[in-house]
Structure formats: C-alpha cells, structure tokens
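Take a look at the structure set out below.
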Amino acid sequence: MRLLAIETSCDETAAAVMHDAQLLANTIATQEIHQLYGGVVPELASRAHVQRLVPIVNLALSQAQMAPTDIDAVAVTYGPGLIGSLLVGVSFAKALALQLGVPLLGVNHMEGHLFSTNLKPAGPEPPFLSLIVSGGHTILTHVRAWGQYEILGQTQDDAAGEAFDKVAKILGLAYPGGPAVEKLAATGNPRAIEFPQARLKNNAGALDQRFAFSFSGLKTAVLYYARKLSAAELEKQKADVAASFQFALINALVDNVASAHAQFPTRAVALAGGVACNKTLRQAFMKLSAQRGFQLHFPEPIFCTDNAAMIARAAQFHLANGKRSPLTLAPDPGLALA
Ligand code: KG4
Ligand code: ZN
C-alpha cells in the first residue's frame, strides 16, 4: 500500500509517503514565526499551514517519485491539537481522498508518537511502557497491544516540554526552549541548586493518574530563584540554573517510570516526543534500563518531534486491520488516547 500521511496538529506542517514498511519521504516545514512570540500562536500556526501544506505534500510526493494518483490511501492527524491547525490538514486530506477515490483514515497524534519507535525494525513490541514527553503532553502509557492503551499517568499541569520552554524564557533563551536549555545545561553544574521535585501521591483511585506528573512547581521555583538575582548574577549562574532544572525534571520522569515499571515489569520501555531528543534524559533512562533490566527504545531526533512518518506508521497498522474514516471526519482538539 502506498500511503500519504499528513500532520498539522500544532506548528509543524508535515507529510510522509510510505510504501508498505518503507518510508519513502518525510518532509517537515517548521514554523519559525513563533520564535518571535516565545510560544505557538494558534492563529499564525493555522495560516502558516494553509500556505505550506500543498508545497510540503508536493515535496514528499516528488521525493517518493510518485504522482498523487499513485497514492492508495490518505491518513491525517485529527486530534489532539489546535483546532485551526487540525482543520487545515483534515480538510485537505478529505478533499484529496475524495478526489482520488481512496480511503481516508484519521489518526490520533498521541498514537502516532507511540508508533514513532517502530519506524525502524526491531522497535518495541507490546506489552511495553511508553513515556511521551512533548511540548503539549507528558503521558505514561501501558501499551497492552497496538490499539489497546492503558494510561498510567499524565501531567496535572505543565507538560515537560512546556516547562523547558518556560524556563528558557526565564533565562532569556530562544524558543523552542528545550534544545537551548540542554546546550546551556551542558556547561553547568546539575547539583548547584536543589530545585523541588513534585512528589505526587500514587493515586490508585484514578487509574489514569496512578503515576501522575507535575512540573509547574519546578518551573515556579526556577522563576523565584531567578527573580532574586540581579541581571549580572543571573547571567553568571544561568548554566547552573539550566543544569539544575533539567536534573530535577529528568529525575521526576525517571522516578515515575521506575515505579510504574516495578508494577508493570514489561520487557521494553519506549521514550517519544520532542523532549526525548534530550541526551541527558536518554542517558538517565539508559542507566535505569540497566538497573531494571528492560530494553530501552527511543526514536531518532527527527522522529521524536512532530512528524508525519509516525502518523503513517500508526495508519498502516489500522488500515491493515480494515479501519477507515468517513469523509465527515471532524478534527477533535481534545481527543484522548484511551
Ligand atoms: O513533540 P514536539 O515536537 O511537539 C509537541 O507535540 O508538543 O515537542 C516539542 C517540545 C518543545 O517543548 C521543545 O522545547 C521540546 O520538545 N524539546 C526538547 C528538546 N528538543 C525539543 N526538550 C528538551 N531537550 C531537547 N533537546
Ligand atoms: Zn507531538
């Protein structure tokens, strides 16, 4: 099957072409405009998708050496995400599927992230635990089988990537903040400042919050710490603040996954989402994988951040199982994973 997949849930306009298991093209246009505002501006994101989607799809098709009429199915992210951004991709995908007379499939963006570790051979096979850490989500899932997801914990406030972005802003670094904080942290001392790590009660009453996360307290602690310093002193301590913040955030993620793995001792654990690009985070999880004896999987950085290849991979699974979406498919900004 030759599949075209489209992803426009936030600020990346992306398309991918997959022929059976082979990824033939993966094109992404990152919207730099949001850097001016230090975060994604929804209205600007949708407008940029309108301008970029057709060129990005054409680029993917030409890289795959295909014409639109060679496509057997169209897959598109229909949630969760920004309503205006989702609408652009979904409307385009519906029109294209109708024009070509091929099946349409709406894909859950978070399920796309779950499949991102399986874009290469020898990815994790269920049951496994997956930690998705992105700008919009922090979600720990027990993947019982493909299509059967049990949420073990989510963030109760800020997402991990959001905390990186906000701390970057406090430190005067560029958006997106994750890569900038990571770079600065590499020159700082992670034990210089003891930032608080949220300790949430293991809430067995709410099954999807048994291993919940919280990062707003950590972010506020960084803010208060920075406010107490003069501009010159903050400049001097910047690297230590970045390193100590990153250390506390990663420890919170590692501790929660360790507790969840004690209860669900799966053979594999997977990391996905933009924050999974972070090398210090990868090293911390490698250490945990050696301690607890699980196989650790994470995608290449290009497949950690939002992309359409992961949407194609998830779609491939569902199309093979006969799933199709009607042409009345509507975006669902609050779509849940399970
Ligand atoms: O998965 P993604 O592209 O978009 C969402 O679905 O949200 O993730 C983007 C997030 C941003 O918050 C960005 O700061 C963060 O991932 N990020 C990182 C790194 N690279 C990207 N965070 C920490 N370290 C990194 N190297
Ligand atoms: Zn994402």
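If you filter the range 90-122 down to residues that are in contact with a Ser or Thr (Cβ under 6 Å, 6 or more places away or on another chain) and not in a helix (DSSP H, G or I), you find that the one that is surrounded by the most Cβ atoms within 10 Å (Cβ to Cβ) is V107. Of the helices (runs of 4 or more DSSP H) contained entirely in the range 268-338, those carrying at least 3 residues that are open to solvent by less than 60 Å² (accessible area, probe 1.4 Å), free of Cβ contacts under 8 Å to residues at least 40 places away in the same chain and away from ligand 2 (no atom under 16 Å from the Cβ) fall at 279-292.
Of all residue pairs spaced 6 or more apart or on separate chains, those with beta-carbon atoms under 8 Å, a first member in the range 64-88 that is assigned to a helix (DSSP H, G or I) and a second member that is open to solvent by less than 10 Å² (accessible area, probe 1.4 Å) and among the polar types (S, T, N, Q) are S85/T8; S85/S9; L86/T8; L86/S9; L86/T77; V88/T8. Exactly one residue out of A163, A180 is away from ligand 2 (no atom under 13 Å from the Cβ) and touching a residue at least 60 places away in the same chain (Cβ under 8 Å): that is A163. Residue count for the range 213-262 under the criterion of being among the aromatic types (F, W, Y), within 23 Å of the chain's Cα centre (by Cα) and open to solvent by 50 Å² or more (accessible area, probe 1.4 Å): the result is 1.
Screening I6, I33 for residues that are β-branched (V, I, T) and surrounded by fewer than 18 Cβ atoms within 10 Å (Cβ to Cβ) leaves exactly one candidate, I33.
Just one of the listed residues (V269, V241) is among the β-branched types (V, I, T) and either under 20 Å from L131 (Cα atoms) or within 12 Å of ligand 1 (Cβ to nearest atom) (or both), namely V269.
The values are calculated or read from the model by the stated rules, or taken from the named source; none is laboratory data. Just so it is clear, the model here is predicted, and its values are computed rather than measured. Neighbour counts run over all protein chains shown; Cβ positions are idealised from the backbone, glycine included. Note: areas computed on protein heavy atoms with side chains; ligands, DNA, RNA excluded. Shrake-Rupley method; radii C 1.70, N 1.55, O 1.52, S 1.80 Å.
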